[in-house]
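Here the structure comes first, spelled out in structure tokens, and everything after it is commentary.
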Amino acid sequence: MQPLTTPREKGKAQPYQVKQEGHKSQKPDWIRVKAPVSKGYNETKDLMRKYKLNTVCEEASCPNIGECWAKKHATIMILGSVCTRACRFCDIATGMPDKLDPHEPERVAEAMSQLGLAHIVITSVDRDDLPDGGAEHFAKTIRAIRQASPETTIEVLTPDFLRKEGALEVVVAAKPDVFNHNLETVPRLYPTVRPGARYFHSLRILAQAKELDPSLFTKSGLMVGLGEDRAEIHQVMDDLRAADVDFLTIGQYLQPSPQHHPVIDFVTPQQFKSYEKMAYGKGFLMASCTPLTRSSYHAGDDFAKLKEKRLAASC
Ligand code: SF4
């Protein structure tokens, strides 16, 4: 996960603001989503409060929260709610992070077993302040979930563990089913969009995760609408295939506040289709490319398809 620049009231999903002079100010029809009101939504919210858990769904003001939470699918954000980086697209608070809560892994495991999901996604803020970047906390959380819900498959969406020697190995050794790390954007835009990260380092940890455990499924995601062009997206797809990444997600970037990076373009659904076709052409086992795709959107259904596709490819 990445940073945030504007602390928001916790627990309140707020509407996106894409209005900024000189940039796209109107969300097109294909971006509109329903307000988050349903019995399932409220039950998920109550459970998150009861176990004092942070979710990226709320902290990053995800537009899919109404749909996902109605189905009891939430992405838990561990290691606190404050990030040590300051990416220009991200709505999670930046600053001095919270003290590590040693009981968080058990609380996550308990909440997840109550949700009774077949597949769960765990992510975190960046913790550059910790010697291992939070890797052991990830591993403890994976182990606690395995113990509480042995049938549940686990997807981790991790930070880049930049300059944290041995951190990736700790996470992979805990045996998640899916290792996800988002590249977020094309390399040219890293200095402005993701200044604390390094494109080739992020690519490398995806390749390394698969080298460490070839049975892992690897996954990465991109946001479009930040000023990239098609050729750059195609190049990133080639880079990800060279790193043996299985699953690519591409979604529309939405500007969380006027202080964040502006939306340069709203990519049309037809263009997303063409990215998806291109991704399959380049050999990804799975590609999910739609305006509202987020890395954890429909992650459970997609994981089931991913497993089937690997099996079919090996026959
Ligand atoms: S897409 Fe992911 S982050 Fe957004 S609401 Fe769904 S589970 Fe949460």
If amide H atoms are built 1.01 Å from N in the plane of the peptide, which residues on other chains or at least 5 residues away come under 5 Å of the amide H of THR293? GLN252
Per the C-alpha gyration tensor (a ≥ b ≥ c, the square roots of its eigenvalues), the range 65-123 is rounded if a/c is under 1.5, else prolate if a/b beats b/c, else oblate; here it's oblate
Can you compute the FRET efficiency between ASP238 and ALA312 using 1/(1 + (r/R0)^6), with r the Cβ-Cβ distance and R0 = 30 Å? Round to the nearest 0.05. 0.80
Of all DSSP beta bridges in the chain, antiparallel share, percent nearest 5: 10 percent
Using alpha carbons only, what's the Rg to Rh ratio of the range 132-245 with Rh from Kirkwood? 1.00
Per the C-alpha gyration tensor (a ≥ b ≥ c, the square roots of its eigenvalues), the chain is rounded if a/c is under 1.5, else prolate if a/b beats b/c, else oblate; here it's rounded
Length gained if ASP213 through LEU100 is fully extended, taking 0.36 nm per residue and subtracting the Cα-Cα distance, is 37.9 nm
Amide H neighbours of THR153 under 5 Å, counting only residues 5+ apart in sequence or on other chains, H built in-plane at 1.01 Å? HIS119, ILE120
Of 29-40, 220-231, 93-104, 191-202, ordering from highest average Cβ density within 10 Å down gives 220-231, 191-202, 93-104, 29-40
Give the Debye-formula value of log10 I(q)/I(0) at each listed q (0.10 Å⁻¹), with one equal scatterer per alpha carbon of the range 24-106, two decimals each. -0.31
Please get the size of the charge dipole for the chain, origin at its Cα centre, with Cβ charges of +1 on Lys and Arg and -1 on Asp and Glu, quoted in debye to the nearest 20. 620 debye
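Compute the semi-axes of the equivalent ellipsoid of the range 159-304, taking the square root of 5 times each eigenvalue of the Cα gyration tensor, and list them largest first in whole Å.
Gyration-tensor ellipsoid for the range 159-304: 24, 18, 14 Å.
Quick note: the coordinates plus some simple rules give every number you see, no bench work behind them. Quantities reported herein were computed from a predicted structural model and do not represent experimental measurements. Every residue, glycine as well, gets a Cβ built from its backbone with ideal geometry; the counts of neighbours run over all protein chains shown.
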